Amino acid sequence: MYLRKMKIEDYDNVYSLWMSCVGMGLNNLDDSKDGIEKFLKRNPDTCYIAVEKDEIIGVIMVGNDGRRGYIYHTAVHPKYRNQGIGKALVEIALDSLLKLGINKVALVVFERNNAGNEFWEKMGFTSRNDLIYRNKALVKIERIDT
């Protein structure tokens, strides 16, 4: 297994990986090929995939606003879990943020995503009970749940 930066050419395989993972929350705009391409152009040095025998088995998408890092759509194919792949992806992504001068990182996990919440807790991410997460769609967005 090796890690490398994600490219837009990886999109179809990454999307298939996301769809294999229960608890992923995708949508038709941000997670479309165009949406992911825009994200990768803005964050070319912080998004990674894990590859085993030419198969994409893991992914982490990370961006930043110049002040904080944000982790999105981290996934490891179910048959490859508990082998340190997710941890390796998180470590390389966090290292890339540190190199950019980013000192803090955040992420959102659906409450129903038990495996995801367990993973992030093991990785040392704490939950905050003093915040209310709010968002507003500026256009109509359709959710794609796995």
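The values are calculated or read from the model by the stated rules, or taken from the named source; none is laboratory data. What you see is a predicted model, and the numbers here were worked out from it, not measured in a lab. Virtual Cβ from ideal backbone geometry, glycine too; neighbours counted across all protein chains shown. We work out accessible area using only protein heavy atoms, side chains counted, and drop any ligands, DNA or RNA first. Shrake-Rupley method; radii C 1.70, N 1.55, O 1.52, S 1.80 Å.
Considering segment 89-146, the residues that are out of contact with any strand residue (DSSP E or B) (no Cβ under 9 Å at 6 or more places or on another chain) and among the acidic types (Asp, Glu) include one that is nearest to Glu52 (Cα to Cα), namely Glu91.
Give the residues of segment 40-71 that are touching a Phe, Trp or Tyr at 6+ places or on another chain (Cβ under 8 Å) and either of a type in the set (S, T, N, Q) or under 25 Å from Ile144 (Cβ atoms) (or both), sorted by residue number.
Looking only at segment 40-71, we keep the residues that are touching a Phe, Trp or Tyr at 6+ places or on another chain (Cβ under 8 Å), and these are 47, 50-52, 57-64.
Of everything in segment 40-71, those that are touching a Phe, Trp or Tyr at 6+ places or on another chain (Cβ under 8 Å) and either of a type in the set (S, T, N, Q) or under 25 Å from Ile144 (Cβ atoms) (or both) turn out to be Cys47, Ala50, Val51, Ile57, Gly58, Val59, Ile60, Met61, Val62, Gly63, Asn64.
Looking at segment 101-135, which of its residues are closer than 23 Å to Asn27 by Cα, open to solvent by 100 Å² or more (accessible area, probe 1.4 Å) and assigned to a helix (DSSP H, G or I)? Correct list: Asn114 only.
Under 24 Å from Arg42 (Cβ atoms), part of a helix (DSSP H, G or I) and either among the charged types (D, E, K, R) or touching a residue at least 24 places away in the same chain (Cβ under 8 Å) (or both): is that true of Leu98 in this structure? Give the derivation first.
Details: under 24 Å from Arg42 (Cβ atoms): yes; part of a helix (DSSP H, G or I): yes; either among the charged types (D, E, K, R) or touching a residue at least 24 places away in the same chain (Cβ under 8 Å) (or both): no.
Criteria not met by Leu98.
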